[in-house]
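**Q** This structure is in C-alpha cells; I'll ask about it shortly.
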C-alpha cells in the first residue's frame, strides 16, 4: 500500500492542535496557508507547510516522532519533510525570529529568505483563528521555481485575495 498523499482538513486540525499544545510560535503557509486566507478549502493538498520558531526544532521533532511521524527529507536548517501513515506529509521550516518581529529562513545554498514582520498574519478558517503567512508573502514565495498546476491555482487565489 502506498503512502498517504493527501492532507485533509482533519489532518490540518490535528497538526494545529499539536502545535498549539506545544505553545510555540508557528504559521501555516503553502497551499493550506492560502486556503486559510481564503477561508475555505480550494483544492486538495499533499502536505501541510509550517513555519515555526526554529529554537524549538528538536522539541518539535521529538514530539512528531513520538506521534508516529518519520523524517523523509532532512535539509536542515532549511526544511524537514516528515510523513505519518495516517496524517500524511508535514513540511516544517525553522525560522530565526528577530526581536523586531521579522525573521529569516535558511535557503539550500547558504542563502537566506527574509520575512517582514507584517507577513506574520492570521485568518479565520472553519471558525478557528489560525496563524499563517500573509498573501503578500505567499505570492513572493511562489516565485523562483518551475510552477506546478497547484501553484498556478494558488497564484490565482492569491490574486483574488490581493485584488490584482
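The numbers here are math on the coordinates, done by the rules we state, and not lab data. Note that this is a predicted model, so its numbers are computed, not measured. Cβ atoms come from the backbone with ideal geometry, glycine included; neighbour counts cover every protein chain shown.
**Q** What is the calculated FRET efficiency for residue 118 to residue 46, with r their C-beta to C-beta distance and R₀ = 35 Å, to the nearest 0.05?
**A** 0.75
**Q** 7 Å from Cα along Cα→Cβ at both residue 3 and residue 143: what's the point-to-point distance in nm?
**A** 3.1 nm
**Q** Binned at 5 Å from 0, what are the whole-percent values of the Cα-Cα distance distribution for segment 9-162, short to long?
**A** It works out to 2, 9, 19, 23, 22, 17, 7, 1, in whole percents.
**Q** For labels at residue 38 and residue 23 in the simple 7 Å Cα→Cβ model, what's the distance in nm?
**A** With each label point 7 Å from Cα toward Cβ, the separation is 3.6 nm.
**Q** Okay, moving on. Provide, for q = 0.18, 0.23, 0.25, 0.28 Å⁻¹, the log10 of I(q)/I(0) from a solvent-free Debye sum over equal Cα point scatterers in segment 101-164.
**A** -0.81, -1.13, -1.18, -1.22
**Q** Here is a further query. Taking N as the number of residues in segment 21-63, what is its alpha-carbon radius of gyration divided by 2.2 N^0.38 Å?
**A** Cα Rg divided by the expected 2.2 N^0.38 Å: 1.33.
**Q** With contacts defined as alpha carbon pairs under 8 Å and 6 or more residues apart, what's the relative contact order of the chain in percent?
**A** Details: 266 pairs, mean separation 38.5, N = 164.
Rounded, it is 23 percent for the chain.
**Q** Related question: Could you compute the FRET efficiency for residue 160 and residue 128, with r as their C-beta to C-beta distance and R0 at 22 Å, rounded to 0.05?
**A** Given R0 = 22 Å and the Cβ-Cβ separation, E is 0.50.
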